[in-house]
Amino acid sequence: MKRGFVLLITMALCMAAQAQQAYWIYFRDKQHTPYSVDAPEAFLSAESIARRKEKHIRVREFDLPVDPSYIEAVKATGAHIRVTSKWLNAVSVTIDSPEQLALLGALDCVTDISEVKRYAQGLPSVPLNDQQLFRTENTTDETSGMYGSAENQINMIGVDFLHSAGYRGQGIVIAVLDGGFAAVDTGVGFISLHDKGQIAGVYNVAEGNENVFLSTTHGSNVLSIMAVDKPGIYVGSAPDATYWLIKTEVVESEFIIEEDYWLAGAEFADSVGADIINSSLGYTTFDDSTQDHVYSDLDGNTTVVTLAADMAAAAGILVVNSAGNEGNSTWRYIGAPADGDSVFTIGAVDVNGVIANFSSVGPTADGRIKPNVVCQGAGAAVMNGNGSVGFGSGTSYSSPLLAGACASFMSAFPELTNMEVIERVQASADRYAFPNDTYGYGIPSFANAYIKEMGIQLDVNNQVTILPNPATTELTVYVHGLENEVVTLILSDITGRQIASDEVTVKPGIISATRFSGLEMLASGTYLVRMTGTAYEESHLVYVQ
């Protein structure tokens, strides 16, 4: 007897007076599919295949599309297919009668059927809780600093260090799963994305079309934190990455189909070769309390959306997800898919690095530490479509900040797998030795992660380390110290004539850096690098060959 047959009878008896019920229909195998793991080009993009080869991930059976004959058998019952999932080997359907459900249960190819929960009015996901922009600035004039209004959130995690080393997310594809991207297509705030050809494509999962520039600006805000490149006004954490904009949320929906659409969006992201998924979405409690997830569901192996996130990770994608905004509510805990054991879950701190009271906490139901790390999500700067900067709060904003930072890190180390990236970033965080379920492993330093990965040995007796020395075409000045201060670094010849200068921020435990390039234009000889500030005064000789 099929595992779901008894449940099937019960469901059929209970739905006589109900219409348009939704179910997951699970299939027995993929033995007769026309697709083969030996010919992945038939169902995966060249980019997706390349990612698997680069990360040494073989194409497996769960990558194969669902057997088309099974899909046709489901359609023949009159059921309407909403989502097809190769990873679950299943389809999500809506049906109109218990008779249709009985027909589905009688199919030889079907092994199990499970009901999709119904939502009450209102969207039970993170995005709409984050759209509380409490201040907006006009930014027609440049502000101080390369990053403009994003300076604090960028510097806090050392992304400026990666950028100064030339790693800004180039070569990395980020899929943004969200509720809509209003104004991204026409807004002056997003001109840089179009000028540089950074939007690889768009997809509306629910409607099966390209209508994504609608519904909400939440996805637009999320995208801006990573992608905008307006020096002196606003620069994101991965301004040279490539982006797929994928709409998975139906803002007006009364049903839980968003979890199904998230799954479909993740599979689509995999098929087009995404390296990273940023998901500022989460599923916990709903307006209809009888449909709530319960804490025990957050064990990393229960909800459809969490299974999907872990499968995306198994395909080599770095899945970055917001922890949730329930820290000061009765729920308190992270949502799904943030509970996934292969999901990089991001909490939120304020401008001073103190945990935001709304940031959801762990542990997972099976006792794992969550969130993984935290970064600025309270008072976070976002770029609006009209070119102004707004400030808002939510883990929806800390998640893309971290996702973009990971993209820049992966530009430097493309050979690292998704799970190795998570390990490196966690190991760089300020609470790595004593994690907890509020901060996770703490605030990461991508400067520290880069230096450790490169095997760079800093001069522990000084605040300045210059590498390489001797130099030929460029040199990097690494600065570390015990005081918070903006210092000036000056490259000059031995007569004191200034050749170049830059300012960097020194913070305890954080390594900053600047790069002086074009040294091939200088005469061979001895030069001087001098650091000046209130607490620091240090000079070093450097040799240019």
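The values are calculated or read from the model by the stated rules, or taken from the named source; none is laboratory data. Quantities reported herein were computed from a predicted structural model and do not represent experimental measurements. So basically every Cβ, Gly included, is an ideal-geometry build from the backbone, and we count neighbours across all protein chains shown.
Summary of values
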item	result
Only listed residue being surrounded by fewer than 18 Cβ atoms within 10 Å (Cβ to Cβ), under 27 Å from ASN155 (Cβ atoms), in contact (Cβ under 8 Å) with a residue 24 or more places away in the chain and among the small types (Gly, Ala, Ser), chosen from GLY324, GLY353	GLY353
Single residue of region 57-81 satisfying the filter (touching a residue at least 24 places away in the same chain (Cβ under 8 Å) and outside any helix (DSSP H, G or I)) that is surrounded by the fewest Cβ atoms within 10 Å (Cβ to Cβ)	GLY78
Strands (runs of 3 or more DSSP E) fully within region 479-545 counting 1 or more residues that are aliphatic (A, V, I, L, M), without any contact (Cβ under 8 Å) to a residue 24 or more places away in the chain and over 22 Å from GLN457 (Cα atoms)	498-506
Residues (in contact (Cβ under 8 Å) with a residue 24 or more places away in the chain and assigned to a loop (DSSP other than H, G, I, E, B)) located in region 32-55	HIS32, THR33, PRO34, TYR35, SER36, VAL37, PHE43, LEU44, SER45, LYS55
Cross-chain or 6+ apart pairs with Cβ under 8 Å, region 173-185 first and assigned by TED's automatic domain parsing to the domain that holds CYS406 and of a type in the set (Phe, Trp, Tyr), then surrounded by fewer than 24 Cβ atoms within 10 Å (Cβ to Cβ) and part of a strand (DSSP E or B)	PHE181/VAL202
Residue in region 97-108 that is modelled with pLDDT of 90 or more, farther than 16 Å from GLU259 by Cα and part of a loop (DSSP other than H, G, I, E, B) present	yes
Meets criteria (assigned by TED's automatic domain parsing to the domain that holds ILE346, in contact with a His (Cβ under 8 Å, 6 or more places away or on another chain) and modelled with pLDDT of 95 or more) for SER399	no
Among the residues listed as VAL319, VAL361, VAL349, the single one being under 13 Å from the mean Cα position of the chain (by Cα) and not acidic (Asp, Glu)	VAL319
Residue selected from region 202-255 under the condition surrounded by fewer than 22 Cβ atoms within 10 Å (Cβ to Cβ) and in contact with a Pro (Cβ under 8 Å, 6 or more places away or on another chain), by the criterion nearest to LEU401 (Cα to Cα)	ASP229
Conditions (1) assigned by TED's automatic domain parsing to the domain that holds SER342; (2) under 22 Å from THR534 (Cα atoms); (3) of a type in the set (Phe, Trp, Tyr); number of the one not met by PHE434	(2)
Residue in region 379-395 that is in a loop (DSSP other than H, G, I, E, B), under 25 Å from ALA165 (Cα atoms) and at pLDDT 95 or above present	no
Matching residues in region 162-195 - criterion: being buried (at least 24 other Cβ atoms within 10 Å of the Cβ), part of a loop (DSSP other than H, G, I, E, B) and of a type in the set (A, V, I, L, M, F, W, C)	ILE172, PHE181, VAL184
MET521 touching a helix residue (DSSP H, G or I) at 6+ places or on another chain (Cβ under 9 Å) and exposed (fewer than 14 other Cβ atoms within 10 Å of the Cβ)	no
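Here is a yes/no grid of residues against (1) among the acidic types (Asp, Glu); (2) under 16 Å from the mean Cα position of the chain (by Cα); (3) within 20 Å of ASN155 (Cβ to Cβ):
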| residue | (1), (2), (3) |
| --- | --- |
| ASP366 | yes, no, no |
| ASN386 | no, no, no |
| SER396 | no, yes, no |
| SER399 | no, yes, yes |
| ALA403 | no, yes, yes |
| ALA407 | no, yes, yes |
| ALA412 | no, no, yes |
| THR417 | no, yes, no |
| PHE446 | no, yes, yes |
